[in-house]
Amino acid sequence: MSGRRLSGPYRSRAAGPLAGTLRVPGDKSISHRSIIFGTLAVGETTVEGLLEAEDVLCTVAAMRACGANINKDGNGLWRIWGVGTGGLTSPHGVIDLGNSGTAARLILGALTPQSLTATLTGDASLSRRPMQRVLTPLGQMGAQFNCRAGDRLPITIEGAADPMPIEYEMPVASAQVKSAILLAALNTPGTTRVLEKQATRDHTERMLRHFGVEVTCEQATFGQAISLTGQVDLKPSHVIVPGDVSSAAFPIAAALLLPGSHITIENVGINPLRDGFLRAIDAMGADLTIRNKREQNGETVADLEVKSGSLNSIEVPPEWAPSMIDEYPVLAVLAAAASGKTVMRGLQELRVKESDRLAAMAQGLSACGINVQELEDGLIIEGEPDLSLRAGGARVETFLDHRIAMSFLVLGLATKEPVAIDDIAMIATSFPDFVPLMETLGAQFEPAGETP
Ligand code: S3P
């Protein structure tokens, strides 16, 4: 689409109904994994529909620095010449992973069972995020780490020449931690087992199977055990990346908020461990129709048709959190327009995302005149069904967080006064064409000065 990188303060203003059919960019989780697994296969992997956003391009650059040959051909297909599960080499320079926690944690996993030394760094947001959650299991597998301030980036990893398999019970529900361990297990002799109490997104398991690796998943009383026997070869494959449901959540939310809207988003990944947002808006009374459900590459894909309508508040079951963890900021915007009090709890993990998302949402919503209570592990939001009669008129801080930025731009489409954000630049990490795509549906955005 535009290819233009927006930056600086931006604002959205009240818009008419949204209408049209669109596609959102490729799934971020699946895109990162396709590049890393393609690198660990021997031979040529091709990827269709890769998310070409800053986070994923950091993973591309990192895998190139470790020996993979990765190019985009004239038809938009990404071609990866992999080096094998034990074939990564020490990069010459420092690997910069920008804003991407997924890249940092998954790549630390991939580097663990390799005879190499590498230094990873990131931007101000990523350098604040905790890495101990992966350093503990990867250290048990034999890697050594030298970190800033205990467990923060920059981190230098010394891979393990003789990696050891582990059985690891995850203290947090995190697909990144699970995936880091499974990536390390690929070049580790013996069987590595990850025990998870709450199921987290399983794109790693599904894609490994697609690359010919046997991954077993057993249900147990505590949850489930995922096992992989290492020193296996990955068969190079063709990966088709579906649209990202986490990006789709923004046009969906905007369409729900703006009276008279009717949009269809085609080709969205609706993996059952990623569909919590769709279940939550359904419970709020949203007019959502899931059409043309199909299987593609081991993932479920569908077209989502959404019409505006009034929303009711809900208590979001805490056990839904892993299946919609990135969608809480935009769900909080919908809660601001729902009748009654929406309660979201069990969300301590939101404090260690690209920003402290509980604090960022509470601060921004209350600046916009929404009644919100910040809890240690969640938010209680008192909705105002007709936002167009009040609310808005604030300049919100986004704390280098793309999802906070997009959430408040969506809010400003429905409020009486415009909503401004301090900087739009970070949306390029996951959804570079957010503004032009939303504009084709009828949304209105513009650069903002210092005041809203
Ligand atoms: C991701 C897992 C989630 C999510 C992140 C992407 C992944 O993080 O928030 O945006 O691709 O594995 P956690 O698993 O750490 O919660």
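The values are calculated or read from the model by the stated rules, or taken from the named source; none is laboratory data. What you see is a predicted model; the values in this text were computed from it and never measured. Positions of Cβ are generated from backbone atoms using ideal geometry, with glycine treated the same way; all protein chains shown enter the neighbour counts. To get the accessible areas, we keep the full protein, side chains included, count just its heavy atoms, and leave off ligands, DNA and RNA. Shrake-Rupley method; radii C 1.70, N 1.55, O 1.52, S 1.80 Å.
Remark: the E214-E319 segment gains 35.0 nm on full extension, using 0.36 nm per residue and subtracting the alpha carbon distance. Normalised by the number of residues in the range 28-239, the average gap of Cα pairs under 8 Å and 6 or more apart makes the relative contact order 21 percent. Computed over the range 28-239, the convex hull of the alpha-carbon atoms projects to a mean area of 10.3 nm².
In this Cβ point-charge picture (+1 for Lys and Arg, -1 for Asp and Glu), the range 302-394 has a dipole of about 240 debye about its Cα centre.
Between the residues T342, G43, I380, the greatest Cα displacement towards the positive end of the dipole of the chain, with unit charges on the Cβ of Lys, Arg, Asp and Glu, is found for G43. The residue list A185, L57, A149 was ranked by how far each Cα lies along the charge dipole of the range 28-239 toward its positive end, using unit charges on Cβ atoms, and A149 comes out on top. For the chain, the solvent-accessible area works out to 35 Å² per residue, with a probe of 1.4 Å and every protein chain left in place.
Given a cut-off of under 8 Å on Cα pairs at least six residues apart, what relative contact order in percent is computed for the range 132-276? Answer for the range 132-276 is 18 percent.
About its Cα centre, the dipole of the range 28-239 is roughly 320 debye, where the only charges are +1 on Lys and Arg Cβ and -1 on Asp and Glu Cβ. In the chain, helical runs assigned H by DSSP with n ≥ 4 each contribute -39500 (n - 2.57); averaged across all residues and rounded to the nearest 500, the mean residue ellipticity at 222 nm is -8000 deg cm²/dmol.
Distance distribution P(r), the chain, all Cα-Cα pairs, bin width 20 angstrom from 0: 27, 57, 16, 0 percent.
Could you tell me which of rounded, prolate or oblate describes the range 214-318, using a ≥ b ≥ c as the square roots of the eigenvalues of the alpha-carbon gyration tensor, with rounded for a/c under 1.5 and, failing that, prolate when a/b is larger than b/c and oblate otherwise? Oblate, because a/c is 1.5 or more while a/b does not exceed b/c.
The angle separating the long axis of helix 175-185 from the principal Cα axis of greatest extent in the chain is about 10 degrees. Taking label points 7 Å from Cα along the Cα-to-Cβ direction, S90 and D151 give a separation of 2.7 nm. Relative to the dominant Cα principal axis of the chain, helix 402-412 is inclined by about 10°.
Each part gets one Cα centre, and for the range 2-34 versus the range 321-384 those centres are 21 Å apart. With the contact rule set at Cα under 8 Å and sequence spacing of 6 or more, what percent relative contact order holds for the chain? Computed over the chain, the figure is 20 percent.
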